[in-house]
Every structure is written in structure tokens, then in C-alpha cells.
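Here the structure comes first, spelled out in C-alpha cells, and everything after it is commentary.
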Amino acid sequence: MIKVIIERFIADDMAALYDATIKESLKDILETPGYIKGASYRDAKNPNHRFIITDWLSEAAWQKWATSAERRNSMSAIKAILESEEKITILRH
């Protein structure tokens, strides 16, 4: 099992749109083979600094999702809301 941490900075006044967009992308990821679970977090001192932490059966399962058309479609909407590129960290136990 691996954990994937996605770190994002949302542009000012875009939090509501970001949250709605993330909810839409959640529908796709829930049906993805190898996805176990995930959660979203806000930095306690900066509400525009967000983290998504997901568990995957394997790095191969994550990579398949990461390069999928579904994720590309989700990211096209999300990228317009971000101040900078997202940062992805993969952790192994």
C-alpha cells in the first residue's frame, strides 16, 4: 500500500469553486481500481493551502489513475483555480 499526498494552493476567493470541483472529481476516483480511501485537509493557518491524502493498493494503481483521461479532465477544471502547480508526494510504508 502507498499514500499519495497532493498539495495545492487555491487562488483567493476560489475556495467554494474548488470544493465543488473536488466533489465532482471524487465520483471518478471512487470507482478507480486500486483506490482505497482518501481525505481532504486545510492548513490550519492558511485556508487556501489544501492537502488531499489518499491510500492506494500500489504505485501502479496510482500511476494508472494519475495518467487517466478522467484525472486529466478533473485537473483541467482544477488548474484554473490554483495559484501554482500541485505538488505530489508518494509515500511507502
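The values are calculated or read from the model by the stated rules, or taken from the named source; none is laboratory data. Bear in mind that the values here come from a model prediction, so they are computed numbers and not experimental data. Quick reminder, even Gly has a Cβ in these numbers, built from the backbone with ideal geometry, and neighbours come from all protein chains shown.
When the residues of segment 12-27 are filtered to those that are in a loop (DSSP other than H, G, I, E, B) and touching a residue at least 12 places away in the same chain (Cβ under 8 Å), the one that is surrounded by the fewest Cβ atoms within 10 Å (Cβ to Cβ) is Asp12. Evaluated against (1) in a helix (DSSP H, G or I); (2) in contact with a Phe, Trp or Tyr (Cβ under 9 Å, 6 or more places away or on another chain), Val4 falls short on exactly one condition, (1).
Taking segment 45-71 as the search range and keeping residues that are more than 15 Å from the chain's Cα centre (by Cα) and closer than 20 Å to Ala20 by Cα, which one is modelled with the highest pLDDT? Out of the qualifying residues, it is Asn46.
In segment 66-74, is there at least one residue being polar (S, T, N, Q), out of contact with any strand residue (DSSP E or B) (no Cβ under 9 Å at 6 or more places or on another chain) and part of a loop (DSSP other than H, G, I, E, B)? Yes; the residues of segment 66-74 include at least one that is polar (S, T, N, Q), out of contact with any strand residue (DSSP E or B) (no Cβ under 9 Å at 6 or more places or on another chain) and part of a loop (DSSP other than H, G, I, E, B). Of all the listed residues (Ala77, Ala39, Ala44), the sole one being out of contact with any helix residue (DSSP H, G or I) (no Cβ under 8 Å at 6 or more places or on another chain) and not in a strand (DSSP E or B) is Ala44. Consider segment 30-44 and keep the residues that are closer than 17 Å to Met14 by Cα and surrounded by fewer than 15 Cβ atoms within 10 Å (Cβ to Cβ). The one that is farthest from the chain's Cα centre (by Cα) is Asp43. Determine, yes or no, whether Ala44 is aliphatic (A, V, I, L, M), without any contact (Cβ under 8 Å) to a residue 40 or more places away in the chain and over 22 Å from Arg92 (Cα atoms). It is true that Ala44 is aliphatic (A, V, I, L, M), without any contact (Cβ under 8 Å) to a residue 40 or more places away in the chain and over 22 Å from Arg92 (Cα atoms). Within segment 47-93, restricting attention to residues that are without any contact (Cβ under 8 Å) to a residue 12 or more places away in the chain and basic (Lys, Arg), the residue that is surrounded by the fewest Cβ atoms within 10 Å (Cβ to Cβ) is Arg72.
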